[in-house]
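Take a look at the structure below.
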Amino acid sequence: MIDVVQNQLFEDIPFVENSVYEQIIQDIGLNKFSIIDSFFSPEMVCQLRQSLLNKYEEDRFKKAAIGNRVNEVIVKAIRGDQILWIDEALPNVTEHLFFDQINDLVSYLNTTCFMGILHKEFHYALYHKGTFYKRHIDTFQNDDRRKLSFVCYLNTEDWKPENGGELLLYLNENGIETEKIIYPFPGRIVIFESQIIEHEVKLVETERLSITGWLKTR
Ligand code: OGA
Ligand code: MN
């Protein structure tokens, strides 16, 4: 059901409450992360997956880095994914739809929670069998621009837990560390606070596809 309520800030613009976005806001407020299944439709996931694979076949992906002056051997021991940044200024049809949905979410967050998100960056990621991404945090030292991390999984419909590549969030419940295991099922998105939540991608057994991005204030 869609509720139309009067937005108190902009009185003449009707504000349409979105239950999925409200869920995200509530989850992040309570737990600092949110998991939404079927954020993207199966058709959309299929098109995004195809777009990723086409670009991969065109040899456009690069080994992911972890900052300056870290040599390749060390990088490989930390993360093994290959990535390709998505240019919002030059999107293909599918990427255009993707950004429409992201921008809709961003304006909702900005209007309802004053998140102040002004920038964003997204990349495709492909993890081959045998790769992983060790425990880390998504913000760099002296750089607090990344507010929310966003991951969307583009694996095929038959994805099983045995395929590995779980996302593990390290949470803190009253001073005790707990782990939240998240399987990368297609269409699922995970959003979490970039500056707070440490996480890792466990060993991948079957090629694992995703889009990862960050919503930023500056
Ligand atoms: C990252 C990351 C998580 C995932 O790219 O920084 O942590 O589940 N990705 O792919
Ligand atoms: Mn990360």
If you go through the stretch 64-88, how many residues are in contact with a helix residue (DSSP H, G or I) (Cβ under 7 Å, 6 or more places away or on another chain) and either part of a strand (DSSP E or B) or closer than 11 Å to THR131 by Cβ (or both)? 1
Cβ contacts < 7 Å: first residue on the phi > 0 side of the Ramachandran plot, restricted to the stretch 151-178; second residue within 16 Å of ligand 1 (Cβ to nearest atom) and acidic (Asp, Glu), any location; separation 6+ or different chain. Result? GLY164/GLU205
Which of the numbered conditions does LYS129 fail, given that it passes all the others? Conditions: (1) within 19 Å of LEU53 (Cβ to Cβ); (2) open to solvent by less than 40 Å² (accessible area, probe 1.4 Å). (2)
Kindly provide the set of residues from the stretch 190-218 that are within 9 Å of ligand 1 (Cβ to nearest atom), of a type in the set (Ser, Thr, Tyr) and open to solvent by 20 Å² or more (accessible area, probe 1.4 Å), ordered by number. THR212
Matching residues, the stretch 28-47, being open to solvent by less than 60 Å² (accessible area, probe 1.4 Å), small (Gly, Ala, Ser) and in a loop (DSSP other than H, G, I, E, B): SER41
In the stretch 159-172, what residues are open to solvent by less than 100 Å² (accessible area, probe 1.4 Å) and in a strand (DSSP E or B)? GLY164, LEU167, LEU168, LEU169, TYR170, LEU171
Is it true that GLU58 is of a type in the set (D, E, K, R), more than 17 Å from the chain's Cα centre (by Cα), away from ligand 1 (no atom under 16 Å from the Cβ) and at pLDDT 95 or above? yes
With the condition kept exactly as written, say whether any residue in the stretch 140-157 is at pLDDT 95 or above, more than 11 Å from ligand 1 (Cβ to nearest atom), open to solvent by 10 Å² or more (accessible area, probe 1.4 Å) and farther than 14 Å from THR212 by Cα. yes
Under the condition of being within 16 Å of ligand 1 (Cβ to nearest atom) and open to solvent by less than 50 Å² (accessible area, probe 1.4 Å), which residue from the stretch 103-126 is farthest from GLN82 (Cα to Cα)? GLU121
So GLN50 clears everything in (1) open to solvent by 90 Å² or more (accessible area, probe 1.4 Å); (2) part of a helix (DSSP H, G or I); (3) more than 20 Å from PRO184 (Cβ to Cβ) except one condition, right? Which one? (3)
Consider TYR183 against the criteria (1) away from ligand 2 (no atom under 12 Å from the Cβ); (2) closer than 23 Å to LEU109 by Cβ: it satisfies all of them except one. Which criterion is unmet? (2)
Is it true that PRO184 is open to solvent by less than 60 Å² (accessible area, probe 1.4 Å), of a type outside the set (Ser, Thr, Tyr) and away from ligand 1 (no atom under 13 Å from the Cβ)? no
Hey, does the stretch 5-26 have a residue that's modelled with pLDDT of 90 or more, within 16 Å of ligand 1 (Cβ to nearest atom) and in contact with a Leu (Cβ under 8 Å, 6 or more places away or on another chain)? no
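The values are calculated or read from the model by the stated rules, or taken from the named source; none is laboratory data. Predicted model, so just to flag it, every value in this text is computed and none were measured. Here Cβ is always computed from backbone atoms with ideal geometry, including for glycine, and neighbour counts include all displayed protein chains. Note: areas computed on protein heavy atoms with side chains; ligands, DNA, RNA excluded. Shrake-Rupley method; radii C 1.70, N 1.55, O 1.52, S 1.80 Å.
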